[in-house]
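Single-structure report; data block below.
The values are calculated or read from the model by the stated rules, or taken from the named source; none is laboratory data. Note that the coordinates shown come from a computational prediction; the quantities given were computed from them, not determined experimentally. FYI the Cβ positions are ideal-geometry reconstructions off the backbone, even for glycines, and counts take in every protein chain you see.
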Amino acid sequence: MTESATEAIALQGVRKTYGRVVAVEHVDLRVQAGSFVGLIGHNGAGKSTCLKMLMGLVHPTEGAVRIDGVDVNADPVAARRRLGAVPEEPSLYEWLSAREFLEFVAAVRGEGDVAGALEVAGLGADAERPIREYSQGMRRRTALAAAMLGKPPVLVLDEALNGLDPPAAARIKELLRAHVDDGGTVLLSTHVVETVERAADRVVLLAHGRVIGDERTADLGAGGLERLFVERLQREPPPAQ
Amino acid sequence: MGSISLWIAILVVSVLSLDVFSRLIRGVDRDVLSLLPIDPARVVRALLLQTAVARWWLVPCAGIVLLPVATGRRRAVGRAAGARRRLPGPRPHRQRRRAPAGHRGGRVQALRPAARRPARRNPRPQAAFLYAPGLLVLAVGRSSASPPTRCPPPPRARSLAWARLLSPAAAAVAAGAFVPGLARRAYLRGTAVVSEIDARYAALEDPREAGRVYLDWVVRFLPAPLRTFALDDLRHGWRARRSFVTGAWLLAVAAAAVGWTERADGPLRAAALAVAGAFVVGAGGVLLAADEPPFLRAWLPPRGAPGALARAVVLVLWGLPPVVLGALAVWLRVGAPASHPVWLAGGAALAVAVGLSLGAGRLRQRGLVVYTPVAAVVGVALLAWTVVGGT
């Protein structure tokens, strides 16, 4: 099997501009299947833009984006079959209950254990209430449950643990870990350093739209990620726009 | 009179285009479904059917409105022909204006540079999203406009007219064959284009402006008991029912355009658009009452008389542009007396539409069922009264 065949996520020479504003500047990121990668960056570093390009919500100005070997822009439906995604602000059908919404997603994906997903997301007691009555954390858990339904091989999560209480966040991290242990791939974007340090195998640092670091978390000592991030950030001044 | 049917046809197509645009391009479904491995062809077909089911009544309603026009067509054509004979002698630009194919072709030619200019500032797919409904309206208008005839149509022409009337349905069925392919190619990619448009607007947007809505400055001139309710309606209307407000402005521009003429039927056509604008805004008022957020009903004091008065003020403010612009165009071009029918018909329509809207709004979800037929009948009656008064 070639190396590219095991690449679950690939951003190749990706650049994204909005008029004169450069959001992402020639990012190369390859994630092998069976890895848990954390994407760390300050606000406006380009994390969400990278993840939106992986989700097919934004087209790159230059470069290619692949999920499990499938070009996201050339074959969007096939790419989405391999991808479970939670954007920063998940959109849900507000008038449906969590159970109805997950049943709908399972029907679209053609598979999925709705009862199990409700249970692991901790929504069992509120499964019949309309989503519009949910708190921010419950909405996020619903979106996570929907992303994981049908066990897509690649999970891309943008600030997915924000707004979750500590037990719920710990539970989700366990689920993501189990997904990786089963051969799946997780790319989690966050600005909370501890989350990545504890859960991920590898961390990619992003600043001003560029990759400024790519390290194995096992090689970092306690508190090492924060120190590394600050050091690299000081070495990389913002580009003149 | 034929031009009234053209304008109503354009209005119907505009409403349908906006509706399809809101459901297909800007609807909540896109936000939810863009992350899932959907079959875009089935999604697009379902959304188009949804629009058809929700808006089927527009076509028969337009038919009801046009019924008096259809029955009085022969007499109206004769009158229009007489009016044309009364115009001063042939002038080059008037000749050009009356030549149907050349005139309409000329207008399309004239629009091309204007269409190219904004398209240059947008990537091509964005330009397609933004201008496709407008081009559709233009195409329908162009195909519907026919040169006026002075004699009753022969039976063969009548059957041709039926064929033309049914042609949109045939075109829709034929277009249905292309929907799956187009949807598979474009629906999911459209999400990226929409986000690109939003990102560009967000980059241009001043955050202080984000909370402001159309006409909210008026609130400071209102009596204190009305202010909260008026601001609530202005915000709710602008954010949830903006198409009615912008629709009134489109009709205002159209009223000014048709009123800016020396043709005898110019004031009548401007009046028709002013009346239409008033009732469009009234329909918006009914929907404001129907979809008012429940938390606002709990949070604000009971609306009562101040709430009704505030809504009436807001509806009048939204409905004034078609009346004022239409009448001003006639006034400046022809003279003050010619503009009186526009002021009278538009003002009366606005008063009736506001009253009807407040009454029907009390029925919440069923309000539009009562409002629409009554508005159609009153609108036609007002126009008939304007015609009788004008002759």
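Name the residue, out of A:Gly46, A:Gly34, A:Gly41, that is surrounded by fewer than 22 Cβ atoms within 10 Å (Cβ to Cβ) and more than 12 Å from every other protein chain (Cβ to nearest Cβ). Explain how you work it out, then say what you get.
On the way: A:Gly46 fails: surrounded by fewer than 22 Cβ atoms within 10 Å (Cβ to Cβ); A:Gly41 fails: surrounded by fewer than 22 Cβ atoms within 10 Å (Cβ to Cβ).
The unique qualifying residue is A:Gly34.
Filter segment A:109-120 for residues that are part of a helix (DSSP H, G or I) and under 21 Å from the mean Cα position of the chain (by Cα); which is surrounded by the most Cβ atoms within 10 Å (Cβ to Cβ)?
Of the residues in segment A:109-120, the ones part of a helix (DSSP H, G or I) are A:109, A:114-120.
Within this subset, residues satisfying the condition of being under 21 Å from the mean Cα position of the chain (by Cα) are A:109, A:117-118, A:120.
Working: A:Arg109: 19, A:Ala117: 26, A:Leu118: 21, A:Val120: 19.
Out of the qualifying residues, it is A:Ala117.
Hey, B:Trp331 hits all of (1) over 21 Å from the mean Cα position of the chain (by Cα); (2) closer than 23 Å to B:Leu383 by Cβ; (3) buried (at least 24 other Cβ atoms within 10 Å of the Cβ) but one; which does it fall short on?
Of the numbered conditions (1) over 21 Å from the mean Cα position of the chain (by Cα); (2) closer than 23 Å to B:Leu383 by Cβ; (3) buried (at least 24 other Cβ atoms within 10 Å of the Cβ), the odd one out for B:Trp331 is (3).
Taking the options B:Arg189, B:Arg235, B:Arg227, B:Arg220, name whichever one is within 21 Å of B:Leu48 (Cα to Cα) and either at pLDDT below 85 or surrounded by fewer than 21 Cβ atoms within 10 Å (Cβ to Cβ) (or both).
Working: B:Arg235 fails: within 21 Å of B:Leu48 (Cα to Cα); B:Arg227 fails: within 21 Å of B:Leu48 (Cα to Cα); B:Arg220 fails: within 21 Å of B:Leu48 (Cα to Cα).
After ruling out the rest, the residue left standing is B:Arg189.
Considering only segment A:52-71, state which residues are more than 10 Å from chain B (Cβ to nearest Cβ) and either buried (at least 19 other Cβ atoms within 10 Å of the Cβ) or not in a loop (DSSP other than H, G, I, E, B) (or both).
Scanning segment A:52-71 gives A:Leu54, A:Glu62, A:Gly63, A:Ala64, A:Val65, A:Arg66, A:Ile67, A:Asp68, A:Val70, A:Asp71.
Can you tell me which residues in segment B:239-267 are part of a helix (DSSP H, G or I) and either touching a Ser or Thr at 6+ places or on another chain (Cβ under 6 Å) or surrounded by fewer than 19 Cβ atoms within 10 Å (Cβ to Cβ) (or both)? Reasoning before the result, please.
We begin by selecting, within segment B:239-267, every residue part of a helix (DSSP H, G or I); these are B:239-240, B:242-259, B:266-267.
Passing the criteria: B:Arg239, B:Ala240, B:Arg242, B:Ser243, B:Thr246, B:Trp249, B:Val253, B:Ala257.
Is segment A:72-89 home to any residue that is of a type in the set (S, T, N, Q) and more than 10 Å from chain B (Cβ to nearest Cβ)? Explain how you work it out, then say what you get.
If we filter segment A:72-89 for residues that are of a type in the set (S, T, N, Q), which is where we start, we get A:73.
In the following step, the residues that additionally are more than 10 Å from chain B (Cβ to nearest Cβ) were identified as none.
Looking through segment A:72-89, none of the residues is of a type in the set (S, T, N, Q) and more than 10 Å from chain B (Cβ to nearest Cβ).
Where in segment A:170-241 are there strands (runs of 3 or more DSSP E), lying fully within it, with 1 or more residues that are out of contact with any Lys or Arg (no Cβ under 6 Å at 6 or more places or on another chain), at negative phi and not hydrophobic (A, V, I, L, M, F, W, C)? Break it down into steps so the answer makes sense when it comes.
On the way: elements: A:185-190, A:202-207, A:210-216.
It comes to A:185-190, A:210-216.
Before we move on, is A:Arg99 basic (Lys, Arg), over 22 Å from A:Ala33 (Cβ atoms) and exposed (fewer than 15 other Cβ atoms within 10 Å of the Cβ)? Outline the logic, then answer.
On the way: basic (Lys, Arg): yes; over 22 Å from A:Ala33 (Cβ atoms): yes; exposed (fewer than 15 other Cβ atoms within 10 Å of the Cβ): no.
When the stated conditions are applied, A:Arg99 does not pass them.
Given the conditions (1) under 28 Å from B:Ile38 (Cα atoms); (2) facing chain B (nearest Cβ under 10 Å); (3) part of a strand (DSSP E or B), report the number of the one that A:Ala23 does not fulfil.
Failing condition for A:Ala23: (1).
Just wondering, is there one or more residues in segment B:222-231 that are over 18 Å from B:Leu344 (Cβ atoms), of a type in the set (Ser, Thr, Tyr), assigned to a helix (DSSP H, G or I) and more than 21 Å from the chain's Cα centre (by Cα)?
yes
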